[in-house]
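Structure first, then comments.
The values are calculated or read from the model by the stated rules, or taken from the named source; none is laboratory data. Note that the structure is a prediction, hence the values are computed from the model and not measured. FYI the Cβ positions are ideal-geometry reconstructions off the backbone, even for glycines, and counts take in every protein chain you see. The accessibility values were calculated without ligands, DNA or RNA, using every heavy atom of the protein model including side chains. Shrake-Rupley method; radii C 1.70, N 1.55, O 1.52, S 1.80 Å.
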Amino acid sequence: MKLQSFSHAQQKVFFLCAITALYVAIAAWLDFLQGPAWWDEAAFWKSSLTFSDSLLPSLADLREYYSLNTPLPFMVFGFLEYLFGQGMVAGRLLNLVLSLGIVATIGWPSKDKGGRALLCLLGLFLCPYFLFLSGRLYTEMIACTWVLLGFVAYVRDRHWVSCLAFVLAIASRQYMLAFPAAIATYEFLAIARQYGQGQPVSPAQHQRWLAPAIASLSFLGWVALFGGLAPADAIADKSPEVQKSTLALTPGGAINFLAFVGAYIVIPEFLLFRPAAPLQALRNNWQKWLLIAAGLLGVCLVFPPLDTPYGNMGKVADLLPFYGLVMAMYYGLALLTCLRFAKPDLLFWILAFNTLIMMKAIPWDRYVLPLAVAFWYLKSIRYPGTDTRPYKISGSKLQPVLPHAGKP
């Protein structure tokens, strides 16, 4: 039986009961948030204590805390420790609450979204890092919350509110830069096309690209403060080699990331939202898809995916008996991603900027989480590019519209 066959009241009751049971189980599994530090939590807590002595951090604190991550999450955790003195529990509880907020924003079965929202929420849960990090002292949940708020404001044409949210997202994790940069590029190209076609462009329309562009530039403020991509001591001792040189890149890491997206987003979307006529799509696009497949194969041969010990995908790769199978796994999943996001819409640019930035990062599938949050939110509201029938938000309701290059 499909979720859409239930009434809205039944869907809401199901949502409340299922989420309550799930999050009680998560809290119990984590010893009600009082368990010992797990993996990176110890290092993150040490960085948080740098900001726990006062309400306002000093310039030295901002430059010298010992982490590769921009400092906003540590400032928040340190602020909670300054106020309550409860150790990691307060920060873990905050992340659990933020996780619930993300769940409600994406998955609440409103009259407009109905069972579709529940399916999108299930898609998000199929990215295992979301629930796994929800009650831990990690930085992802704060960063994902600001990214989600940035998109919520963007689709409602609150561009300066979106700008602020993305500034705070970048202050939470550097690679959140990909999201405002993608929006700015997409909107700028849309306005450029309007100019090229001789269509009038109002001054107000320029805020659609200007606001996210300003948010993107906030990244340079952190580079200036640190004198690099992160505090100097952390870069020297903890960062991978690719981050120790400003111009260094690992193109193979892009293949890894595309494969992560294929595993955690593309395949779940296909299973949850089966395309109406996949064979027809293949007949209509086989030449284009063949070119994409050949081009990606060439890239993989020149810049093969990186061998990584991190994350679930790294563990799967370790189980494969020889390198050819590892290469085939990464190539196949990356190809699914390239075919799914081949249309140059907003989702294409979001993927493109995330992939480019991942050339400067450790190939860890955990880094796909913010993209998963953004994708499933946009799909839950039927944003153009996520569904065959585009919608826009008018007031509090979704209204069907014709596709538009520049705005939902």
Worksheet item: So how exposed is residue 172, as accessible area in Å² (1.4 Å probe, rounded to 10)?
Response: 0 Å²
Response to the item:
Taking a straight Cα-to-Cα line shorter than 14 Å from residue 360, and setting aside same-chain aspartates and glutamates fewer than 8 residues away, one finds 241
Worksheet item: With the dipole of the chain worked out from charges on the C-beta (+1 for Lys and Arg, -1 for Asp and Glu) around the Cα centre, which of 167, 353, 184 lies farthest toward the positive end?
Response: 184
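Counting Lys and Arg as +1 and Asp and Glu as -1, each charge on the Cβ, what is the dipole of the stretch 228-316 about the Cα centre in debye, to the nearest 20?
On the way: 6 positive and 5 negative charges, 87 e Å.
Result for the stretch 228-316 is approximately 420 debye, rounded to the nearest 20.
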Worksheet item: Remind me, relative contact order of the chain in percent, using alpha carbon pairs under 8 angstrom and six or more residues apart?
Response: 18 percent
Discussion item. With unit charges on the beta carbons (Lys and Arg positive, Asp and Glu negative) and the dipole taken about the Cα centre of the chain, which residue among 195, 229, 65 sits farthest to the positive side?
Written reply: 195
Fill in: Karplus 3J(HN,Hα) series, Hz, for the stretch 336-353 with 6.51 cos²θ - 1.76 cosθ + 1.60 (x for Gly, Pro)
4, 5, 4, 5, 5, 10, 6, 6, x, 9, 4, 4, 4, 5, 4, 5, 4, 5
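With the full set of protein chains in place, find how many percent of the accessible area of the chain is carbon and sulfur; take the probe as 1.4 Å. Please report the intermediate quantities before stating the final value.
Working: 12970 of 19020 Å².
C and S atoms contribute 68 percent here.
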Discussion item. Sort 176-189, 283-296, 32-45 by the packing proxy (mean of other Cβ within 10 Å over each peptide's residues), most packed first.
Written reply: 176-189, 32-45, 283-296
Worksheet entry | Lys, Arg +1 and Asp, Glu -1 on Cβ, resulting dipole of the chain about Cα centre, debye, nearest 20 | 1720 debye
Response to the item:
Treating only Lys and Arg (+1) and Asp and Glu (-1) as charged, each at its beta carbon, one finds that the stretch 258-394 has a dipole about its Cα centre, in Debye to the nearest 20, of 480 debye
Practice prompt. Express in Å², to the nearest 10, the accessible area of residue 357 obtained by rolling a 1.4 Å probe over the protein heavy atoms while all chains stay in place.
Written response: 40 Å²
Fill in: Whole-Å distance, taken between Cα centres, linking the stretch 135-170 and the stretch 67-94
18 Å
Worksheet item: Which one is right for this structure if Cα extents along the principal axes in Å is calculated from it: (i) 87, 43, 39; (ii) 66, 51, 35; (iii) 60, 55, 54?
Response: (iii)
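Ordering 345, 31 by accessible area with a probe of 1.4 Å, largest first, what comes out? All intermediate terms of the calculation are to be shown ahead of the outcome.
Numbers: 345 20, 31 90 Å².
Ranked from most to least accessible, the order is 31, 345.
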Discussion item. Set the bar at 30 Å for Cα to Cα. Now go through 288/379; 46/244; 244/288; 244/315; 12/379; 244/379 and name every pair that lies beyond it.
Written reply: 244/288; 244/379
Worksheet entry | Accessible area per residue in Å² at 1.4 Å probe, computed on the chain | 47 Å²
Item to complete: Taking all protein chains together and a probe of 1.4 Å, list 8, 159 from the most accessible to the least accessible.
Response: 8, 159
Practice prompt. Could you tell me the accessible area of residue 379 in Å² (1.4 Å probe, neighbours in place), rounded to the nearest ten?
Written response: 10 Å²
